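The values are calculated or read from the model by the stated rules, or taken from the named source; none is laboratory data. Everything quoted here is computed from the prediction, not taken from an experiment. Every residue, glycine among them, receives a Cβ derived from its backbone with ideal geometry; neighbour counts consider all protein chains shown.
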Amino acid sequence: MPLEAALQTLRDTCAAMPPLAALGVAVDGYADGRFGVRAPLALNVNDKGNAFGGSLTSLMTLAGWGLVNLQLQLSGLEAEVYVADSDIRYRAPVYDDLRAEAWLADGQSWEDFLATLRQRGRARVRIEAGVPLAEGGMAAELGGRFVAIAKG
């Protein structure tokens with residue numbers, strides 16, 4: 001599947017999920033191995049006037065889920081993707097609109113992940129994600145393990 005068609009499929013899928021609609025989530029795109037999503041601060045603000053931590057976690061998790069789904073679509077494979085576990089670090093408050101991006105963790109391989117899925121019908125991959133700050137650095141970071149289970 002071509003990249004733009006895969007991104008549109010993810011946009012459509014995200015638009016159909018009520019929790020993501022409530023957060024105002026939009027697919028931001030894919031470049032240089034990184035998949036991004038965004039959401040407006042106004043829909044994700046806490047009592048301190050900055051981004052709600054749960055929204056940051058949701059956005060990073062969604063970015064990881066989206067990256068794995070994107071790789072599956074680009075490879076022509078159909079599977080259900082789940083987050084198995086994750087670790088979160090909050091480093092700084094966010095006062096701007098939110099953007100999260102996800103990428104393949106060091107030591108991981110899409111080729112190995114996809115080969116395992118083809119062979120066993122199930123595979124897992126480590127993904128990292130973060131919420132970049134406008135001035136540089138990360139406001140929050142996620143390290144997670146995502147599982148794909150072949151359909152059918």
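Listing for the model above:
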quantity: Residues of segment 129-149 satisfying the condition of being assigned to a strand (DSSP E or B) and without any contact (Cβ under 8 Å) to a residue 40 or more places away in the chain; calculated: 132
quantity: All helices (runs of 4 or more DSSP H) inside segment 11-128 with 3 or more residues being farther than 23 Å from residue 150 by Cβ and touching a residue at least 12 places away in the same chain (Cβ under 8 Å); calculated: 18-23, 53-74
quantity: Out of 105, 115, 123, 134, sole residue that is closer than 20 Å to residue 56 by Cβ, modelled with pLDDT of 95 or more and among the aliphatic types (A, V, I, L, M); calculated: 105
quantity: In segment 4-20, the residues that are within 16 Å of residue 59 (Cβ to Cβ) and touching a Phe, Trp or Tyr at 6+ places or on another chain (Cβ under 9 Å); calculated: 10
quantity: Any hit, segment 51-58, residues being buried (at least 24 other Cβ atoms within 10 Å of the Cβ) and over 16 Å from residue 88 (Cβ atoms); calculated: no
quantity: Whichever residue in segment 120-139 is of a type in the set (Lys, Arg) and touching a strand residue (DSSP E or B) at 6+ places or on another chain (Cβ under 7 Å) and, among such residues, is surrounded by the fewest Cβ atoms within 10 Å (Cβ to Cβ); calculated: 122
